[in-house]
Amino acid sequence: AMVLEEMQFADAASLDIINTLVTDPELNFFLFVGCYCPQHDTENASPEISDRSFQQLSGFAASLANMEVLEQEDKLIITQIHTGSLDIESMNCLVSDVLRMPKRLTKSLTSKLYPKTQGNIQFTEECLKLLAQDNILTFEADLLRWRWNTDGLKNYTIADTMVGLITDKIAKLSEEVQEVLKISACIGFDFDQATLEQVLSKKHIENAGGRFDLCPLLNVLEREGFIEASNLSQCHYVFTHHRIHIAAYTSVHRREQSKMHLSIGEVLWQKMVGTEPKNMIFTVVDHMNKGSNLLRDERLLDLALLNIQAGEESIAKSAFIPALDYLRKANKLLPVNHWEDHYDLSLRLYNSLAVAEQCTGHIGEMDSHLSQVFNHARSFQDKLRAYKIRIQAYGAQDQLQEAVDTGLDVLLQLGQPFPRSTPSKWDIEKDYLRTRGALLRKNDTALKNLAVMEDGTILDAMQIMGSLVWYGYLSHRELLPMLVFRMVRLTLRYGLSDISAYVFAMYGMILCGKMGNHKGGKRFADLSFYFLGRFSAREWVARVNGSCYYCVRHWREPLHKSLEPLLYSYRVGQEAGDIENAFFVAHCYCCHAFQSGQSLVDLEEKTGEFCFDMEQNHQTTALCNTLPVWQIMLNLMSQSGDPLKFDGGVMDENETINTALTGNNRHCVYIICFCRMVLSYLFGSYEVALDMAGKIRDIDKVMMGSFFTCDHVFYSGLSACAMMFTGRNRLCGKLANAAQKKLKKLAVTSVGNCLQKYLLLKAELAALEGKRIVAHRYYDKAIEAALKNGFVQDAAIANERASIYLKQCGDLSASSRYLSS
């Protein structure tokens with residue numbers, strides 16, 4: 001169970017974590033209680049509360065309230081409890097309990113207080129304390145009861161709000177205690193004594209004896225109920241209620257607030273010097289920004305740099321909205337002629353601004369910032385980061401052709417030209433032989449002992465090529481191997497870097513997908529994992545693991561074993577700020593989970609969550625590729641009008657294909673055709689299935705190394721056999737036999753994934769030849785292998801096909817047994 005109070009202070013990242021926990025289907029017995037005050041109940045603006053905070057809270061509450069599907073399936077129970085103020089009768093019960101007097105005697109006092117407090121519990125309690133302090137409410141010890149001065153109460157002035165009441169209470173404190181309270185409120189809802197002392201010293205609050213003694217003043221505030229010691233340490237305090245914090249903060253004049261925040265920020269800034277800035281930078285910057293109107297010249301530049309650092313750190317944590325706030329603030333702090341006088345700072349800022357704008361979907365603003373860089377950069381080297389951002393933005397928006405064209409332009413200027421025309425098969429073969437020859441002289445030990453790359457230009461070129469590889473995989477199949485081969489040779493010549501893990505992962509993918517060398521592919525995948533650990537390259541985890549588990553590992557080990565590593569890579573990619581590749585890995589996970597026979601109920605829900613996040617993060621390419629996978633799940637679960645069509649539910653087939661073709665995303669088009677092929681076969685539309693299979697007959701080139709290539713062979717072979725069973729197309733035998741031969745080879749290297757597919761196709765062909773006993777035996781073997789390997793969908797197909805065949809043979813009893821299975 002988890003209980004969180006004061007959730008109106010939570011930031012977006014914290015709310016996202018809570019949302020993830022609450023909606024996680026694997027947490028079956030998790031109770032979450034969240035408490036927060038509505039916006040109207042805060043009465044005044046606290047330094048921690050903003051309109052955005054309440055918008056975030058509203059969005060969080062709405063996202064939970066709208067989860068009707070989860071509620072209907074009893075997976076999530078949402079209860080909203082609105083705790084309003086007390087009515088007058090209930091408030092009289094409260095007053096009676098506090099004063100320990102009969103309700104009939106406290107009724108007159110309650111009637112005087114209720115018009116002011118309106119049943120607010122804390123307001124009522126504070127009013128009673130205030131009346132006691134001012135002797136309007138007195139305790140008669142001889143009678144052991146409380147008595148109140150009715151005439152005095154009638155003329156007694158009570159503030160109209162809780163905050164007003166606390167403000168009046170603050171006004172009665174000594175000036176020194178008030179000063180401590182106000183500075184504490186500016187520090188925050190919680191504060192430590194050391195920081196408070198330093199700020200007080202900075203303001204020269206000292207007594208006649210020398211050093212200012214803070215402890216007695218804090219004791220007064222504790223005794224009066226304003227603050228209390230925190231559980232963190234004895235020298236750490238928190239305000240007892242957010243309204244007390246608000247009242248203390250609003251008692252400070254606005255101009256004085258700016259001075260105090262600036263003073264606090266400078267004290268914390270000094271603490272941060274020489275330490276790891278990640279620990280304190282956000283707190284420092286938030287205080288300094290509130291006092292930025294008091295800064296001039298060089299100090300404004302220092303604050304601009306701090307905001308840039310905070311923005312970059314937020315980007316690294318994938319907190320793009322706060323990053324945008326910090327970076328936009330930095331932009332406002334720079335002088336008009338900043339490009340001339342503060343070139344390096346301006347270059348750094350506008351590059352980071354472009355990243356933040358892109359990740360929040362503000363493409364126009366991103367282009368504007370990049371234009372600033374291109375217009376003012378003093379060298380091509382200074383434009384490189386901007387080019388990388390633009391390439392990534394094109395790729396995320398499914399503008400793959402523009403991404404590739406821009407990347408090739410940059411590589412040309414870096415001295416690594418590539419042909420603009422489509423390379424011939426001979427060009428690719430020649431490049432492969434050249435690369436293989438260089439690698440033949442290097443065993444694993446020699447590769448691991450290569451020197452570290454020091455040539456900065458080559459490293460820049462490698463990074464550009466690394467960003468183009470995935471786009472080449474999606475849209476330019478001929479360019480992809482040329483990029484990878486070049487990267488391998490550059491690594492052998494100039495040495496290793498953090499990108500080396502990705503280089504060898506992609507080379508392993510080409511060996512598996514293009515050359516059919518599964519053993520060699522696994523070798524280089526293993527090497528990529530080694531270099532990933534050696535360079536602690538978390539920013540490359542999503543790309544490396546995505547490539548290895550999507551295109552290499554499943555040829556040598558069970559498909560379902562890729563699921564956990566892919567989910568792990570997704571989380572690491574998000575944490576490292578590699579959003580684009582994190583969602584590429586999420587797409588890989590959805591594909592493999594579907595293909596390995598995971599429960600559609602849970603998987604459909606998770607895939608929907610991934611697609612929603614892709615859309616929210618403006619990752620159009622990943623979304624286009626994943627939507628067909630989500631749609632086929634819905635069709636199989638009877639949650640679409642026509643199970644054979646992709647027009648409705650979560651996607652429109654024509655619209656998605658047009659988007660993909662506009663961006664030259666052939667990967668997406670092939671996934672759509674593949675999914676329609678599977679649906680057509682499963683629902684008995686065999687001609688359409690064969691038609692779809694024919695449209696993507698070169699899938700092994702377009703979706704190189706992926707498990708889709710194996711399933712394409714499987715379903716096209718099954719569709720050909722089914723057509724032959726109906727007697728409508730006797731020409732399908734050639735296709736079915738070719739499919740059987742391919743699956744036989746795959747069943748040797750990937751027995752845990754392909755054996756049942758080969759056995760089922762062998763059973764179908766035996767049935768077509770009238771070999772009933774042989775067919776029966778292979779159906780049983782296919783079912784046994786499918787269940788052993790966890791492919792429940794293959795087992796279901798084998799049972800259905802065996803049942804249909806035996807029924808045609810007149811063995812209704814055996815047919816019935818298979819059908820019931």
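In the set (1) crowded, with 24+ Cβ neighbours inside 10 Å; (2) more than 21 Å from Met462 (Cβ to Cβ); (3) among the charged types (D, E, K, R), the condition left unmet by Arg543 is number (2).
Can you say whether Gly790 is under 30 Å from Asn517 (Cβ atoms) and open to solvent by 20 Å² or more (accessible area, probe 1.4 Å), as far as the supplied structure shows? Yes; evaluated as a whole, the condition is true for this residue.
In summary, helices (runs of 4 or more DSSP H) completely within the range 656-718 and bearing 1 or more residues that are of a type in the set (Ser, Thr, Tyr) and at pLDDT 95 or above occur at 666-682. Which of the residues spanning the range 356-389 are among the charged types (D, E, K, R) and either open to solvent by 50 Å² or more (accessible area, probe 1.4 Å) or in contact (Cβ under 8 Å) with a residue 40 or more places away in the chain (or both)? Matches in the range 356-389: Glu365, Asp367, Arg378, Lys383, Arg385, Lys388. In summary, helices (runs of 4 or more DSSP H) completely within the range 241-320 and bearing 1 or more residues that are closer than 20 Å to Lys182 by Cα and modelled with pLDDT of 90 or more occur at 242-250, 254-272, 281-290. Is it the case that Tyr494 is under 31 Å from the mean Cα position of the chain (by Cα) and either touching a residue at least 60 places away in the same chain (Cβ under 8 Å) or surrounded by fewer than 23 Cβ atoms within 10 Å (Cβ to Cβ) (or both)? The answer is no for Tyr494. Flag: His587 matches the condition of being under 23 Å from Glu653 (Cβ atoms), open to solvent by less than 40 Å² (accessible area, probe 1.4 Å), touching a residue at least 40 places away in the same chain (Cβ under 8 Å) and within 18 Å of the chain's Cα centre (by Cα). Filter the range 215-234 for residues that are modelled with pLDDT under 90 and crowded, with 17+ Cβ neighbours inside 10 Å and give the result. Matches in the range 215-234: Glu224 only. Filtered by the rule that a residue be in contact with a helix residue (DSSP H, G or I) (Cβ under 7 Å, 6 or more places away or on another chain) and either among the charged types (D, E, K, R) or open to solvent by 30 Å² or more (accessible area, probe 1.4 Å) (or both), the range 590-612 gives Phe594, Leu600, Glu604.
For the range 106-128, the set of residues classified as open to solvent by 10 Å² or more (accessible area, probe 1.4 Å), in a helix (DSSP H, G or I) and free of Cβ contacts under 8 Å to residues at least 40 places away in the same chain consists of Lys107, Ser111, Tyr114, Pro115, Ile121, Glu125, Leu128, listed by residue number.
Would you point out the residue of the range 68-88, among those that are at pLDDT 60 or above and polar (S, T, N, Q), that is surrounded by the fewest Cβ atoms within 10 Å (Cβ to Cβ)? Once the filter is applied, the top-ranked residue is Thr79. Of all the residues in the range 142-198, those that are in a helix (DSSP H, G or I) and not charged (D, E, K, R) number 26. Six or more apart or on different chains, Cβ under 7 Å: which pairs go from a residue in the range 594-623 that's more than 23 Å from Asp711 (Cα to Cα) to one that's polar (S, T, N, Q) and open to solvent by 30 Å² or more (accessible area, probe 1.4 Å)? Could you list them? Filtered contacts from the range 594-623: Thr620/Gln397. Only one entry in Val713, Val678, Val751 is closer than 29 Å to Gly520 by Cβ and surrounded by 22 or more Cβ atoms within 10 Å (Cβ to Cβ), namely Val713. Considering only residues in the range 371-425 that are of a type in the set (S, T, N, Q) and touching a His at 6+ places or on another chain (Cβ under 9 Å), the one that is nearest to Thr620 (Cα to Cα) turns out to be Gln397.
Residue count for the range 421-442 under the criterion of being surrounded by 10 or more Cβ atoms within 10 Å (Cβ to Cβ), free of Cβ contacts under 8 Å to residues at least 40 places away in the same chain and not in a helix (DSSP H, G or I): the result is 1.
Scanning for something under 23 Å from Ser292 (Cα atoms), in a helix (DSSP H, G or I) and out of contact with any Lys or Arg (no Cβ under 6 Å at 6 or more places or on another chain), does the range 357-378 turn up at least one residue? Checked the range 357-378: no residue is under 23 Å from Ser292 (Cα atoms), in a helix (DSSP H, G or I) and out of contact with any Lys or Arg (no Cβ under 6 Å at 6 or more places or on another chain). Taking Pro643 as the residue in question, decide whether it is at pLDDT below 90 and buried (at least 17 other Cβ atoms within 10 Å of the Cβ). The answer is yes for Pro643.
The values are calculated or read from the model by the stated rules, or taken from the named source; none is laboratory data. What you see is a predicted model, and the numbers here were worked out from it, not measured in a lab. Here the Cβ is made from the backbone with ideal geometry for all residues, glycine too, and neighbour counts use every protein chain on show. The area values use the complete protein model at the heavy-atom level, side chains included, leaving out ligands, DNA and RNA. Shrake-Rupley method; radii C 1.70, N 1.55, O 1.52, S 1.80 Å.
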